[in-house]
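Engineer: Sending over a structure as structure tokens; questions will come in a sec.
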Amino acid sequence: MFSKKEREFLLGNYLPSEGHRRYLRHRINKKLEEFYNNELPLLQNTSVSEFANGVRKFNNALVNYNSKTSLGRDLNPRPNAYEAFALPG
């Protein structure tokens, strides 16, 4: 919804000149007005705004980090490029 510069301005990570500050505030206010008047009522009147889709819910279940499918180092690593393409013998 917000551009990169607008987000940086809102977070306080960007200090624009006075003219650019006025422009950014105008654009942010315009986007908020459009959101509140047009898009928020649409979301409130539908069930689309639910974040859980029923297919999978995230929970704090214990994860087995020692499993074979972890992102750690493989037990049998691939050969280096020069080893893979070297001629036998």
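The values are calculated or read from the model by the stated rules, or taken from the named source; none is laboratory data. Remember, predicted model here, so these are calculated numbers, not experimental data. Using ideal geometry, Cβ is built from the backbone for each residue, glycine included, and neighbour counts are taken over all protein chains shown.
Engineer: Only one residue in Glu18, Glu50 is loosely packed, with under 10 Cβ neighbours inside 10 Å, at pLDDT 90 or above and of a type in the set (D, E, K, R), so which one is that? Steps first, please.
Structural biologist: Working: Glu50 fails: at pLDDT 90 or above.
Testing whether each residue is loosely packed, with under 10 Cβ neighbours inside 10 Å, at pLDDT 90 or above and of a type in the set (D, E, K, R) leaves just Glu18.
Engineer: Can you tell me how many residues within the range 21-47 are loosely packed, with under 10 Cβ neighbours inside 10 Å and either at pLDDT 95 or above or touching a Cys at 6+ places or on another chain (Cβ under 8 Å) (or both)?
Structural biologist: 0
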